[in-house]
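Engineer: A single structure is presented below for examination.
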Amino acid sequence: KKSTTAQQQSTINNQSINNQSITMAIFDYSPWWAETIFITSIVLLVLYIIFKILQLSAKRTYYQWLNNPSTPLDVDSFVDTATNPPKYLKIAFLQKMSVGDRRPSDEVVKLASVESPHVAGLQVTERAEARGGGSSRTPSLLAREVVVDPEKPQPLVIGTIRMGFGHHRIAYAACSWAMHADQDAPSSPSFTSKDRTTYFHDLLNIDSPEADLIKSTDEVYSKMSRITSNIGGVVEKLWGKAMLSGDGDALRISGLTAVHLRPLFRDLPLDTPIIATHCYVALAAVSAGFTNVINLVIDNHVSNAAAAQYVLMHM
């Protein structure tokens, strides 16, 4: 038995030596292009394995974001995932670039309002209490807490984000309509437009970590746009295409970011009508559980249009 075992071990050793000799022979006598193809194939295989690992990790991260916290906002049920499946790496990269390791908060930012210096009767929302933590902003002396009076008609909230003149312009137009809607209605009830409060809810005007997030997100994209513009060529074109694609992934990323903005709405009753002039506002309201949300499409960007369609279908 010992002799047989020794013979088997010797055979295995000889086969190993032969295999090594064959491998060396391949590299010794194969043409240079064969060696190049072999090495390139190994490199590509390794890169493919790394890509699949990153893809699986990004997919797991995406669904963790969706479920923590779980909200009524379900973009994937609206987007045709058969023709527009999630590109997990793209979503994870852009979302990480926007919010970093920040986690959505369940806090409620108490709201107050003060009359607009530009439009008589229009109430502009702000934070009701001093934020603290080094913030120098304090509530206006004339501000009063936002309280919905059940004896009066529901207030209208015009939500916007001060990012470019277009968002504000449409928001003020919506406010002008809202403040006269009741008196213009032919079958208006006994109350008048003066009985209904219209709030101009600019998310950047609410001193909060959520407003800071919006600012930092805008700064990141502006910085990346400048960098790619300076590089130029293919890099600039790829960045421009990614920013203007407006596909299902753009809506998914907007939805994930909007979940972080829920605290800016949670001080309002969930049946309050929200008219949004920015897709973040509409998606944030839906994710917070509001049931009467309209997003005004203010440009021809597909993700904004998709956000509007999503919100209208889930009113």
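The values are calculated or read from the model by the stated rules, or taken from the named source; none is laboratory data. Every value quoted in this text rests on a predicted model; they were computed, and no experiment measured them. Ideal geometry is used to build each Cβ from the backbone, glycine not excepted, and the neighbour counts take in all protein chains shown. Calculation scope for accessible area: heavy atoms of the full protein, side chains included, ligands and nucleic acids excluded. Shrake-Rupley method; radii C 1.70, N 1.55, O 1.52, S 1.80 Å.
Engineer: Only residues that are assigned to a loop (DSSP other than H, G, I, E, B) and open to solvent by 70 Å² or more (accessible area, probe 1.4 Å): list them for the stretch 65-78, please. Spell out the reasoning first.
Structural biologist: Filtering the stretch 65-78 down to residues assigned to a loop (DSSP other than H, G, I, E, B) leaves 68-74.
N68, S70, P72, D74 - these are the residues of the stretch 65-78 that are assigned to a loop (DSSP other than H, G, I, E, B) and open to solvent by 70 Å² or more (accessible area, probe 1.4 Å).
Engineer: Shifting gears a bit: Looking at the stretch 79-91, is at least one residue outside any helix (DSSP H, G or I), of a type in the set (K, R) and modelled with pLDDT of 90 or more? It would help to see each step written out before you state the result.
Structural biologist: Step one: of the stretch 79-91, the residues outside any helix (DSSP H, G or I) are 79-87.
From the residues that got through so far, the ones that are of a type in the set (K, R) too are 87.
If we keep only those that are modelled with pLDDT of 90 or more too, we end up with 87.
Yes: the stretch 79-91 contains one or more residues that are outside any helix (DSSP H, G or I), of a type in the set (K, R) and modelled with pLDDT of 90 or more.
Engineer: Find all pairs meeting these conditions: Cβ atoms under 8 angstrom apart; at least six residues apart or on different chains; first residue within the stretch 114-128 and on the phi < 0 side of the Ramachandran plot; second residue open to solvent by 60 Å² or more (accessible area, probe 1.4 Å) and assigned to a loop (DSSP other than H, G, I, E, B).
Structural biologist: V114/L142; E115/L142; R127/K110; R127/R137; A128/K110
Engineer: Please determine, by comparing only the residues of the stretch 139-195 that are open to solvent by 60 Å² or more (accessible area, probe 1.4 Å) and among the β-branched types (V, I, T), which one is modelled with the lowest pLDDT.
Structural biologist: T192
Engineer: Right, here's the next one. Got a sec? Which helices (runs of 4 or more DSSP H) wholly within the stretch 193-278 have at least 3 residues that are under 30 Å from A143 (Cα atoms)? Talk me through it step by step, then tell me what you get.
Structural biologist: Working: elements: 209-231, 233-244, 248-258.
Per the criteria, 209-231.
Engineer: Please specify each residue of the stretch 109-129 satisfying the condition of being open to solvent by less than 70 Å² (accessible area, probe 1.4 Å), assigned to a loop (DSSP other than H, G, I, E, B) and under 29 Å from N68 (Cα atoms).
Structural biologist: Start the filter on the stretch 109-129 by keeping residues that are open to solvent by less than 70 Å² (accessible area, probe 1.4 Å), which leaves 109, 111-114, 116, 119, 121-128.
Subsequent filtering for residues that are assigned to a loop (DSSP other than H, G, I, E, B) retains 109, 116, 119, 121-122, 128.
Scanning the stretch 109-129 gives V109, A128.
Engineer: So is S245 modelled with pLDDT under 80 and surrounded by fewer than 15 Cβ atoms within 10 Å (Cβ to Cβ) or not?
Structural biologist: Values: modelled with pLDDT under 80: yes; surrounded by fewer than 15 Cβ atoms within 10 Å (Cβ to Cβ): yes.
So S245 passes the test.
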